[in-house]
Structure formats: C-alpha cells, structure tokens
Amino acid sequence: MIKIAPSILSADFSNLIRDIGKVEEAGVDLLHIDVMDGHFVPNITIGPLVMHSIRNKTKLPFDVHLMIENPDRYIEDFVKAGADIITVHAEACTHLHRTIQNIKSFGIKAAVSLNPATPLNVLEFILDDLDMVLLMSVNPGFGGQKFIPIVLDKIKALRHMLAERGLNTDIQVDGGINLENIKDIVNAGANVLVAGSAIFNSKDIAATVAAFRQITQ
Ligand code: DX5
Ligand code: ZN
C-alpha cells in the first residue's frame with residue numbers, strides 16, 4: 001500500500017492548523033515534519049515545542065525527519081512531543097546502532113535516512129532493525145528542489161537488497177516528488193512518498209492528493 005506523507009515545510013506556517021486540516025481531510029497517511037538545525041543542513045525549521053503544540057490538533061501520525069547533528073540528545077524530546085516515527089540521518093550518527101535502539105526503546109518506529117550521494121552499504125548491518133529507510137532525492141535543507149533522477153536506481157537497489165533478506169521494510173522517498181515523477185518512484189519500489197511543495201503549493205490540495213492516489217494505485 002502506498003502512503004502519502006505531506007511535508008509541512010511547505011505549509012503556510014501562519015495557518016499551520018488550517019493547512020494540516022486540509023491534508024488530513026484529503027485522506028493522507030502521515031504528517032512529515034522536517035526538523036533542521038542550521039548545522040547538519042543550512043536551514044533552521046521547527047522543534048519539539050511547535051510539534052507538541054500541534055499534536056492534539058490532528059489524528060495523523062507524526063513522521064519526524066531529523067536533519068540535525070547529535071540527534072540522540074533530542075530523541076526523548078521528540079517522543080514526548082508526539083513522534084510516531086523518528087528518522088535520523090546515517091551521516092549525522094557516529095553510533096547509528098545505538099541511536100536506532102534509543103528510538104525503539106520508546107516503543108515508536110525507527111528509520112534511517114541517506115543523502116543522495118551516501119551509498120546503500122552503510123545500511124548493511126542495521127537494515128534488519130529498521131521500520132523504514134528514507135532515501136533523499138534532493139540534498140536536504142529546503143523544499144521545492146528538483147528530484148535527482150539517479151535516486152530511482154538507488155530505490156531499485158534497496159528494494160532488491162530488502163527482498164534478498166526477506167524484508168518488506170518501507171522505503172520512503174523525499175524531495176522533488178510531483179505528479180510527473182511519482183509513478184516512476186513507485187515502480188522503482190518506494191511505498192512512502194513525501195511531498196511538500198507539490199501538495200501545499202497546489203491550488204486544490206484535495207484534488208492533488210486524489211491525483212497522487214490515482215496515479216499510484
Ligand atoms: C528537504 C525535506 C523535504 C522537503 C520536501 O530537506 O526533507 O521533506 O520539505 O519538499 P518538496 O516536496 O517540495 O521537495
Ligand atoms: Zn523530509
């Protein structure tokens with residue numbers, strides 16, 4: 001089953017609850033929350049305080065994408081703020097195994113993200129512990145960038161790697177996803193699709209989500 005996860009990075013922050021309501025009503029599966037610290041990536045976005053304030057305004061699961069250095073320091077804060085899935089970047093974790101166990105110790109789902117140029121083999125000894133792998137299809141930091149086509153090969157290779165181990169782990173793809181490329185991304189083997197600008201910048205959010213669904217059925 002294909003899951004759609006709108007990234008609130010492209011929502012209108014002065015009308016955040018209204019925009020979250022729109023995607024929830026449109027029937028999306030997850031709310032993708034991009035946390036940036038100005039160190040791991042050049043941009044600064046939101047933290048646990050804002051996340052906590054929106055937690056009781058929606059029933060959507062919180063899919064929290066940490067683009068921060070030293071994520072271990074903040075995992076408990078994000079759990080308390082209502083995270084259902086926490087994704088950390090392999091590039092930001094010196095002790096990735098420990099970090100994944102730390103996330104899982106709170107009874108929530110754990111995922112690892114790889115930047116476009118990071119090879120899949122960093123997953124070799126952690127893959128069995130993961131609920132999801134996030135393959136970045138842009139260099140993280142900003143919404144509205146262009147999808148990097150070579151990532152399609154990476155998605156296929158990861159799906160193959162998982163199948164070889166008998167795993168059916170979620171593959172999430174994030175960055176530059178739109179109605180034109182979504183079919184190729186799903187055909188390559190991804191099943192969780194993050195979209196920020198394509199959803200929140202569209203004139204009719206419900207119609208765009210419906211089109212995403214229709215194309216990926
Ligand atoms: C990029 C973020 C993405 C981003 C996606 O660093 O992780 O989630 O908001 O936005 P679009 O869909 O506009 O590329
Ligand atoms: Zn993201």
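The values are calculated or read from the model by the stated rules, or taken from the named source; none is laboratory data. Every value quoted in this text rests on a predicted model; they were computed, and no experiment measured them. No Cβ is skipped: glycine too gets one built from the backbone with ideal geometry, and neighbour counts run over all protein chains shown.
Values computed for the structure shown
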| quantity | calculated |
| --- | --- |
| Only one of Leu9, Leu30 that is within 12 Å of ligand 1 (Cβ to nearest atom), closer than 19 Å to Ala211 by Cβ and at pLDDT 95 or above | Leu30 |
| Answer residue from segment 128-142, given it is touching a helix residue (DSSP H, G or I) at 6+ places or on another chain (Cβ under 9 Å) and crowded, with 22+ Cβ neighbours inside 10 Å and is farthest from Leu167 (Cα to Cα) among those | Ser137 |
| Selection within segment 183-203 - within 11 Å of ligand 1 (Cβ to nearest atom) and closer than 16 Å to Lys3 by Cβ | Leu193, Val194, Ala195, Gly196, Ala198, Ile199 |
| Matching residues, segment 151-177, being of a type outside the set (A, V, I, L, M, F, W, C), free of Cβ contacts under 8 Å to residues at least 60 places away in the same chain, surrounded by 16 or more Cβ atoms within 10 Å (Cβ to Cβ) and outside any helix (DSSP H, G or I) | Thr169, Gly175, Gly176 |
| Cβ pairs under 8 Å, 6+ apart, first in segment 128-150 and touching a residue at least 40 places away in the same chain (Cβ under 8 Å) and more than 19 Å from Ile68 (Cβ to Cβ), second away from ligand 2 (no atom under 12 Å from the Cβ) and aromatic (Phe, Trp, Tyr) | Ser137/Phe147 |
| Segment 98-121, subset under 19 Å from Met161 (Cα atoms) and part of a helix (DSSP H, G or I), residue farthest from ligand 2 (Cβ to nearest atom) | Asn121 |
| Top-ranked residue of segment 81-95 - restricted to ones that are aliphatic (A, V, I, L, M) and farther than 12 Å from Glu69 by Cα, ranked as surrounded by the most Cβ atoms within 10 Å (Cβ to Cβ) | Ile86 |
